[in-house]
1. How about the stretch 221-265: which of its residues are of a type in the set (A, V, I, L, M), in a helix (DSSP H, G or I) and in contact (Cβ under 8 Å) with a residue 40 or more places away in the chain?
2. Could you tell me which of the residues Leu278, Leu284 is within 13 Å of Gly332 (Cβ to Cβ), at pLDDT 95 or above and not polar (S, T, N, Q)?
3. Of all residues in the stretch 254-287 being farther than 15 Å from Val195 by Cα and of a type in the set (Ser, Thr, Tyr), which is surrounded by the most Cβ atoms within 10 Å (Cβ to Cβ)?
4. What tally of residues in the stretch 254-312 results from selecting those that are among the basic types (Lys, Arg) and under 20 Å from the mean Cα position of the chain (by Cα)?
5. If a residue has to be more than 14 Å from Ala166 (Cα to Cα) and among the charged types (D, E, K, R) to count, how many in the stretch 11-31 make the cut?
6. Working only within the stretch 311-322, note down all residues that are surrounded by fewer than 19 Cβ atoms within 10 Å (Cβ to Cβ) and either farther than 19 Å from Ala275 by Cβ or of a type in the set (Phe, Trp, Tyr) (or both).
7. Scan Ala103, Ala116 and give me the residue that is small (Gly, Ala, Ser) and modelled with pLDDT of 90 or more.
8. Residues Ala155, Ala200, Ala181, Ala189: which one is within 22 Å of Ser231 (Cβ to Cβ) and more than 13 Å from the chain's Cα centre (by Cα)?
Amino acid sequence: MNKRNLGSARRVVVKIGTGVLTDSKGCFDAVHFARLVADLADVARERQLVVVSSGAIALGVERLGLPKKPKDIPGKQACAAVGQGTLMHRYDSALGWAGYRAAQILLTHDDFSHRARYLNARRAIERLLGHGAIPVVNENDTVSVDEIKLGDNDALAGLVVGLISADLLVILSDVDGLYTADPRKDPKARRLEVVPRVDAEIERLAGGSTSGLGTGGMITKVRAARRAAESGAPTVVVPGKRVGALLQVLAGEPVGTLFEANPERRLSSRQRWIAHALKPKGSLKVDDGARRAILVSKRSLLATGVREVVGSFKNGDPVDIADLEGHVFARGLSTYSAEEVRLIAGRKSSEIEAVLGYKYLDEIVHRDELVELGGEQ
């Protein structure tokens, strides 16, 4: 799908950043919000639409009369509790005037990492779309802590694309795309109209957040685009403050930066779940032979190639697979616990039963439970 036929997307995820919903003083921009919802309604007339919206914490800061966003987790949770209801009321009222019903979906990382909850979330969103409702998704910041936190809504949007098999991700941001350098510092920086593939070089071009209220930056958008590409969906990062930018994208106009889908690295639903929805519980450092076997020969990871075990994990837990320098290149579900792998690391598969007294499989991570990771980890 290239920029000229993005309008053919039938299921679209639109992520709206905090900087798009607020003015220069950090207050909710009601005028721009009304214009934005009008565009969302236009999109929903011919397509299924899911909105991933930030703004709950910013609205909570405003309603509580705080001078700035708290840095501590309880403070952010309090702001989210106050602001989320206000955010949904605004969406429900504005979309209601256009004839649509808004549906609140609050998720944490646990909802993606547990396979049953992952599938339940997908079924719920599918049913809402079938009823013509517009799901408005946000991270459940009121209960999120480091262990279950997604990190930012760019990451959430990338996961939602895979969750519902969307055709297109549009990120409305306070920046107008990816540049060859920071345009605030380098007058020669130019915007990239099309990025064929997200690789390490593209990730290095990304910078930090430009908003004091948001949590992401261009790097989080680039990583969301990589996740979407692995689901078969392109991503467009566009200036969310520009009136009509969303409609321009679907009309095929050259606005923002298009990150193309990567058909050569389209992952299955289970592979996407392993690669992006799971947080690793530990890591396995392997030698060059094991690395080549995984990346070149497309083989499983055997005990003989394991050189170091990091962390504590149980059998079935997700683990990163790294080279001897610590560069992560794959992720998978471990057949054995960390304690067991430490005992059999470096040994042949035929020796496992003699060492442990039993054997589940020859493989530490079976190829069917292993995913190669693209980009920088």
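The values are calculated or read from the model by the stated rules, or taken from the named source; none is laboratory data. Just so it is clear, the model here is predicted, and its values are computed rather than measured. Counting neighbours? That spans all protein chains shown, and the Cβs are built from the backbone with ideal geometry, glycine included.
1. So the first thing to find is which residues in the stretch 221-265 are of a type in the set (A, V, I, L, M), and the list is 222, 224-225, 228-229, 233, 236-238, 243, 245-247, 249-251, 255, 258, 261.
Right, trim to in a helix (DSSP H, G or I) and you get 222, 224-225, 228-229, 245-247, 249-250.
Val222, Ala224, Ala225, Ala228, Ala245, Leu246, Leu247, Val249, Leu250, listed by residue number.
2. Numbers: Leu278 fails: at pLDDT 95 or above.
Just a single option satisfies the conditions, and that option is Leu284.
3. Of everything passing the filter in the stretch 254-287, Ser283 is surrounded by the most Cβ atoms within 10 Å (Cβ to Cβ).
4. Let us first name the residues in the stretch 254-312 that are among the basic types (Lys, Arg), namely 265-266, 270, 272, 279, 281, 285, 291-292, 298-299, 307.
Narrowing the set further to residues that are under 20 Å from the mean Cα position of the chain (by Cα) leaves 265-266, 270, 272, 279, 281.
Count: 6.
5. In the first step, residues of the stretch 11-31 are kept if they are more than 14 Å from Ala166 (Cα to Cα); the result is 16-31.
Next cut, among the charged types (D, E, K, R) only: 23, 25, 29.
Going through the stretch 11-31 one residue at a time, the tally reaches 3.
6. Once the filter is applied, which keeps residues that are surrounded by fewer than 19 Cβ atoms within 10 Å (Cβ to Cβ) and either farther than 19 Å from Ala275 by Cβ or of a type in the set (Phe, Trp, Tyr) (or both), the stretch 311-322 yields Ser312, Lys314, Asn315.
7. Working: Ala116 fails: modelled with pLDDT of 90 or more.
Every option except Ala103 fails the conditions.
8. Numbers: Ala155 fails: more than 13 Å from the chain's Cα centre (by Cα); Ala181 fails: within 22 Å of Ser231 (Cβ to Cβ); Ala189 fails: within 22 Å of Ser231 (Cβ to Cβ).
Result: Ala200 is the single residue among Ala155, Ala200, Ala181, Ala189 that is within 22 Å of Ser231 (Cβ to Cβ) and more than 13 Å from the chain's Cα centre (by Cα).
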